[in-house]
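Scroll down for the structure; my scribbles are underneath it.
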Amino acid sequence: MAEENQTPPGIFVLGEEDTAAEETDTGALLDEVVVADADTRLLAVLDRVRGTVERIRADDAAEVAAAGGLDPELVGLLVAESSAEDASFEIRSIGDRVERGTLTWESFWARPQADPGGLELAARVQRRQAEALVADRAAFDEAEAAERP
């Protein structure tokens, strides 16, 4: 009577492994290593980006502090936009918190994304600043043209 292979499934005896299964396992293992390496590299890049952003924020905050706070014209625009009739509830709440003293315009301006409606308020202020620059440039061009013969 011929002796049959009595090795239980999943147990390999040296010399009797299934080479196709071994190649598949090696391929899967290689895929896992590649994914893990990509994750590690991505996390390292994200850490560098976070560090750069934190350094820029600290530099900006130091610059504002050295200047004695935000430009009064900027503060005026922030106040005007946060109390405008067409301002959203979120924008108005930012202005309310500044009035109550639980938020400063300096801390808001350093991280507008930290407050609901903050990016919208920053965009409104920047739009007003751009409009003022365009108007100033037009006035300058008109004055310069008037001086020419």
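Name the single residue, out of those in segment 94-121 being assigned to a helix (DSSP H, G or I) and among the polar types (S, T, N, Q), that is nearest to the chain's Cα centre (by Cα).
Per the criteria, the residue is Q113.
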> Which of the residues spanning segment 87-97 are crowded, with 18+ Cβ neighbours inside 10 Å and under 30 Å from R55 (Cα atoms)?
Replying inline: I91, I94, G95
> Quick one: in segment 62-77, which of the residues that are of a type in the set (D, E) and assigned to a helix (DSSP H, G or I) is modelled with the highest pLDDT?
Replying inline: E73
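When you go through A132, A84, A138, A143 one by one, which is the residue that is over 23 Å from the mean Cα position of the chain (by Cα) and loosely packed, with under 10 Cβ neighbours inside 10 Å?
Details: A132 fails: loosely packed, with under 10 Cβ neighbours inside 10 Å; A84 fails: loosely packed, with under 10 Cβ neighbours inside 10 Å; A138 fails: loosely packed, with under 10 Cβ neighbours inside 10 Å.
After ruling out the rest, the residue left standing is A143.
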> So which of R100, R124, R50 ends up being of a type outside the set (A, V, I, L, M, F, W, C) and crowded, with 17+ Cβ neighbours inside 10 Å?
Replying inline: R124
> Out of all the residues in segment 1-56, which are modelled with pLDDT of 65 or more and at positive phi?
Replying inline: none
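The values are calculated or read from the model by the stated rules, or taken from the named source; none is laboratory data. As the structure is a computational prediction, the values presented were derived from the model and not from experiment. Note: ideal-geometry Cβ built from the backbone for every residue, glycine included; neighbour counts use all protein chains shown.
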